[in-house]
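Just below is one structure, and these are the notes that go with it.
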2 protein chains.
Amino acid sequence: MADTGGRTRRRGKDLLDAIYAAAVEEAAAGGPGRLTMDAIAKRAATARTTLYRRWSDPLDLLLDALAELHPVEQPAPGADDLRGDLIASLRLMVDWGFSPAGRAVLAILADPARDPAVVDALFERVFARRGGTFTQTVLRHYAHEGRIDPARLTPVVLDIGEALVAKRIMDTGEAPDDDYLAAVVDQAVLPAVGLPAEPPRHPRTPRRGGRTVTRGGEPA
Amino acid sequence: MADTGGRTRRRGKDLLDAIYAAAVEEAAAGGPGRLTMDAIAKRAATARTTLYRRWSDPLDLLLDALAELHPVEQPAPGADDLRGDLIASLRLMVDWGFSPAGRAVLAILADPARDPAVVDALFERVFARRGGTFTQTVLRHYAHEGRIDPARLTPVVLDIGEALVAKRIMDTGEAPDDDYLAAVVDQAVLPAVGLPAEPPRHPRTPRRGGRTVTRGGEPA
DNA sequence: ATTTTTAGGTACAGTCATGTATCTTATTGC
DNA sequence: GCAATAAGATACATGACTGTACCTAAAAAT
């Protein structure tokens, strides 16, 4: 009953957008393992036939869908607040990770049956030509301004913030709060780039929330 | 045709072991989303009926299977080599993560459709009463000996090594080599506990191998 | 206005997994 | 040896998804 402008049959971009949205939502909900043409068609309120005219299987469709999605917001490093900018960039990452697109991408990457070709396609088509990861953009900015030793910005160091946040999400299944992001920046990222962690506002460590598990670990 | 000692029908522990192994292998191969009673029964070469006598669904079975598995090997911190012990503990983690049990557990944790109750059960039954995570065991040991400031060992810091290794595995889908583990220890873990990173043997950063993606990121 | 394109819808045969029921028989406990 | 237990095997109705065929009618192109 939505206003379709008198039209009763979607076509072209309208239809594609509906299909893409349906595919991403399905993938985010059940992962690639449970993604079916049938479910996508139902969610998009179209006929399965329409899908088969363009794609041969659900994953193929999903990759097109992800490639069409709006890109992730980029961190915009501010004037003179390395710590604050790092926290903000991690917040962007968390927000993205909990969007349907983010969930779908994570599900593909974590799929034990993942096809390397699919992962490659994901990188080439979805992540093509972006500036860098979240904290990476910020760290490079401040290195360029001479406030960080560029030699410190190794691949490992550029990944520290993202890795800890990702693990936290895996462990708890929930979005970390700002206190946790601040702890990551203060206790892991800043020491790694050779800056003294700023004096902690509260001497307490971040609340533990759930449990802490390792990718191959157990409660701390 | 295996030597069954003249017996033709498995029963009790023999049968259970075969079923558990089959369940874990299936879960490791396809993730919880593709885990079915049918596939487990086929792989264990038993009748589906036999499974239904004990379990009501595949996940229930899988949790029992994981609980029965041999525990992960524990890091054994040596005399006086913090750096080496940290690297060794991360190596243990990698080995575990690529075992069928490790893959199955990761697949459960990463499943977008994961049931919190299942995750809780996993922690209670599989990870119950273990000393701690991999680098955690080592770090606590050296803190106890007074070589690390215990106040530094926050939950975030105890997770750094595991988080980076986990992310690396997610990104590349392969087991990191020792150079990478050493880089993690030198560039992230040791700085976070307030120790100067040891002089790097080679001034080069670890080889990049594949790409580096963030949990919500793109190539670096 | 007429033709072309393509979305919407129905139908169908095939495959796979689910639960349940039923029967036979190997193994175990007494 | 005999009875109880439980594994192995087969069958069946049900439901989900697949891939294809086929038809219709709406929207766009001419």
* Rounded to the nearest 0.05, what FRET efficiency is calculated for B:Arg147 and A:Asp149 with R0 set to 22 Å and r the Cβ-Cβ distance? -> 0.25
* Karplus-derived 3J(HN,Hα), 6.51/-1.76/1.60, for each residue of the range B:27-34, Hz, glycine and proline x -> 5, 5, 7, x, x, x, x, 10
* To do: Return the lysines within reach of A:Lys42: Cα separation strictly under 23 angstrom, same-chain partners fewer than 8 residues apart disregarded; answer none if there are no such residues.
  => A:Lys13
* To do: Report the trypsin sites (Lys or Arg not before Pro) located in the range B:139-180 that are in a DSSP loop and have at most 14 other Cβ atoms inside 10 Å of their Cβ, or state none.
  => B:Arg147
* Could you work out the mean count of beta carbons from other protein chains within 10 Å of each residue's beta carbon in B:31-41? => 3
* Could you run the Karplus curve 6.51 cos²θ - 1.76 cosθ + 1.60 with θ = phi - 60° over the range A:10-26 and give me ³J(HN,Hα) per residue in whole Hz, x for Gly and Pro? => 6, 7, x, 4, 4, 5, 4, 4, 5, 5, 4, 4, 5, 5, 5, 5, 4
* Structure fact -> Among GluC sites (Glu not before Pro) in the range A:18-99, those in a DSSP loop whose Cβ has at most 13 other Cβ atoms within 10 Å are A:Glu73
* Asked: What nm distances, shortest first, do you get from the label point of A:Gly173 to those in the other copies when the point sits 7 angstrom along Cα to Cβ?
  -> 2.7
* Asked: Taking each residue of A:107-119 in turn, how many C-beta atoms of other protein chains fall within 10 Å of its C-beta, and what is the average?
  -> 5
* Can you give me the three principal axis dimensions of the range A:82-192 from its C-alpha atoms, in Å, biggest first? => 42, 30, 19
* Residue-by-residue Karplus 3J(HN,Hα) for the range A:95-107, coefficients 6.51, -1.76, 1.60, Hz, glycine and proline x -> 4, 5, x, 9, 6, x, 4, x, 4, 5, 5, 4, 4
* To do: Provide an ascending nm list, one decimal, of label-point separations from B:Ala79 to the equivalent residue in each further copy; define each label point as 7 Å from Cα along Cα→Cβ.
  => 5.8
* Mean projection area, nm², convex hull over Cα of the range A:12-68 -> 3.3 nm²
* Structure fact -> Given unit charges at Cβ for Lys, Arg (+) and Asp, Glu (-), the dipole magnitude of the range B:12-68 about its Cα centre in debye, nearest 20, is 200 debye
* Estimated distance in nm for a label pair at B:Ala67 and B:Ala18, the labels positioned 7 Å out from Cα along Cα-to-Cβ -> 2.3 nm
* Structure fact -> Quick calc, A:Asp178 & A:Asp80: beta-carbon distance into FRET formula, R0 25 Å, rounding 0.05, result 0.80
* Report, as an integer, the average count of C-beta atoms from other chains found within 10 Å of each Cβ along A:133-139. => 3
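Computed from the coordinates by the stated procedures, all read-outs in this text should not be read as laboratory data. Here the structure is a predicted model, which means the values were calculated and not measured. Cβ: placed from backbone, ideal geometry, glycine included. Neighbour counts: every protein chain shown.
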